[in-house]
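Just below is one structure, and these are the notes that go with it.
What follows draws every value from the coordinates through simple rules; no lab data is involved. Predicted, not measured: the structure shown is a model, and the values here were computed from it. Virtual Cβ from ideal backbone geometry, glycine too; neighbours counted across all protein chains shown.
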Amino acid sequence: MILSDKRILEEIDKGTIIIEPFRPDCLGTNSYDVHLGKYLATYTNRVLDAKAHNTIEHFEIPKEGFVLQPGTLYLGVTLEYTETHAHVPFLEGKSSTGRLGIDIHATAGKGDVGFCNTWTLEISCAQPVRIYAGMPIGQLIYFMVEGQIETMYNSKNDAKYNNKTTKPVESMMWKNSF
């Protein structure tokens with residue numbers, strides 16, 4: 001079951017959902033709009049290795065915007081820091097973003113109960129498109145959880161994305177054993 005706008009506000013009041021900064025005008029009927037932060041990153045190597053720590057270069061989006069190019073994976077970050085202590089957060093693109101040919105995540109739209117951070121976006125585009133820091137980029141929806149949570153994401157020793165950041169974070173696949 002997806003939380004309604006009134007229920008999201010109730011959970012914010014209870015402290016089980018935290019969105020910073022929170023803007024009431026960003027609350028939809030059953031979602032909350034998030035915005036593109038000022039940092040993007042690209043991988044330094046064109047060929048990525050799942051077993052290696054692939055490095056990235058961060059850069060700031062200029063005031064005049066930045067033109068995304070097809071065939072390049074950009075890592076972005078949400079302006080909003082979020083915490084979700086009792087629900088499963090999902091990040092989806094806005095239809096207006098999709099209609100510009102922008103995908104904001106390749107596979108990682110679902111967060112975990114206990115996720116406390118900004119969201120790294122895996123941005124790609126169908127054709128060149130100019131983007132801007134602060135533009136609406138996605139929407140968070142929250143699902144109810146059935147049953148008790150044994151281990152919250154933010155209390156896992158092996159959680160790879162727990163360090164609070166305002167910049168995009170590269171893949172930590174290399175920390176897995178395979």
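Details
- Looking at the stretch 1-96, the GluC sites (Glu not before Pro) that sit in a DSSP loop and have at most 13 other Cβ atoms within 10 Å of their own Cβ are 64.
- Cα-only radius of gyration and Dmax that characterise the chain, units Å: 16.4, 48
- Contact order relative to length of the stretch 1-150, as percent, for alpha carbon pairs under 8 angstrom and 6 or more apart: 33
- Value at 222 nm in deg cm²/dmol, rounded to 500, when DSSP H runs of n ≥ 4 in the chain each add -39,500 (n - 2.57): -2000 deg cm²/dmol
- Note on the stretch 47-113: with charges restricted to the Cβ of Lys and Arg (+1) and Asp and Glu (-1), its dipole about the Cα centre is near 200 debye.
- Within the listed set 68, 48, 91, the residue fluctuating most in the Gaussian network model of the chain (springs between alpha-carbon atoms under 10 angstrom) is 48.
- Sequence of 145, 88, 77, 47 once ranked by neighbouring C-beta atoms within 10 Å, starting from the fewest: 47, 145, 88, 77
- Cβ-defined net charge surrounding residue 118, 12 Å radius [Lys, Arg +1; Asp, Glu -1]: 0
- Charge sum, other residues only, whose C-beta stays under 13 Å from residue 142's C-beta, Lys/Arg counted +1 and Asp/Glu -1: -2
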